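Following: one structure in structure tokens, then a few remarks.
The values are calculated or read from the model by the stated rules, or taken from the named source; none is laboratory data. For clarity, every value in this text was computed on a predicted model and none was experimentally measured. Here Cβ is always computed from backbone atoms with ideal geometry, including for glycine, and neighbour counts include all displayed protein chains.
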Amino acid sequence: MVRVTEQLSIARAADPGAVAQTIAALLTRFNRESVGEETHEPFALTVSAPGAAEILGGLWAFSLSGSFYVNIVIVPEASRGQGLGAELMRQAEQEARARGCGHVWLDTFAFQARLLRASRLRGLRPPGRPRALLSALLHAKEPGRGRPLTRHPPLEPKAECGGSMNT
């Protein structure tokens, strides 16, 4: 335990999972008091064999505060390098636009090279390595391959994208 002040101290949690909800609730309350109520709206795409119920891959994302966050993307190993990841990202970007989100964020690692290449084609750019948090401004019309994303003005975030109704 490290003493920070006479009234407060910092200690390593014995069970980080057990305190995660408490810490998140404190942050959520602070955010709500700062910017008003926001909605965390999840989105998922699944990949499966035709007619099969088993999920073999997919994408999971959510919209919040005018941005669209792609947290999980996985393509079945046998289908990698065939454009399926790029299609998942294209559909996620389409959903972000439909929600009125102004940005797309993708959190990935440099060793996930195919996903990084597919994401770059969508206009997302990494700030560094080995982990990459990619982002792109979304625009009123979908950008073509190889064109900079700054050619069109960004969309204003809408409440449907988890934006605050008070901002």
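Would you list the strands (runs of 3 or more DSSP E) that sit entirely within the stretch 1-111 and hold 2 or more residues that are within 25 Å of L138 (Cα to Cα) and either at pLDDT 90 or above or of a type in the set (K, R) (or both)?
41-47, 57-64, 67-74
May I ask you to list the residues in the stretch 85-101 that are of a type outside the set (D, E, K, R) and surrounded by fewer than 21 Cβ atoms within 10 Å (Cβ to Cβ)? Steps first, please.
Initially, the stretch 85-101 is screened for residues of a type outside the set (D, E, K, R), giving 85-86, 88-89, 91-92, 94, 96, 98, 100-101.
Within the stretch 85-101, A86, Q91, Q94, A98, G100 meet the criteria.
Being farther than 27 Å from V104 by Cβ and of a type outside the set (D, E, K, R) is true for just one of A61, A49. Which residue is that? Spell out the reasoning first.
Values: A61 fails: farther than 27 Å from V104 by Cβ.
Result of the check over A61, A49: A49.
Have a look at I23, I10 and point out the one that is over 24 Å from W60 (Cβ atoms) and either more than 20 Å from the chain's Cα centre (by Cα) or of a type in the set (S, T, N, Q) (or both). Write out each step before concluding.
Values: I23 fails: over 24 Å from W60 (Cβ atoms).
Going through I23, I10 in turn, just one is over 24 Å from W60 (Cβ atoms) and either more than 20 Å from the chain's Cα centre (by Cα) or of a type in the set (S, T, N, Q) (or both): I10.
May I ask you to list the residues in the stretch 12-40 that are under 18 Å from G66 (Cα atoms), without any contact (Cβ under 8 Å) to a residue 40 or more places away in the chain and either in contact with a Gly (Cβ under 7 Å, 6 or more places away or on another chain) or among the acidic types (D, E) (or both)?
Within the stretch 12-40, E33 is the sole residue that qualifies.
Go through L59, L64 for me and flag whichever is touching a residue at least 60 places away in the same chain (Cβ under 8 Å) and of a type outside the set (S, T, N, Q). It would help to see each step written out before you state the result.
Values: L59 fails: touching a residue at least 60 places away in the same chain (Cβ under 8 Å).
Answer to the check: L64.
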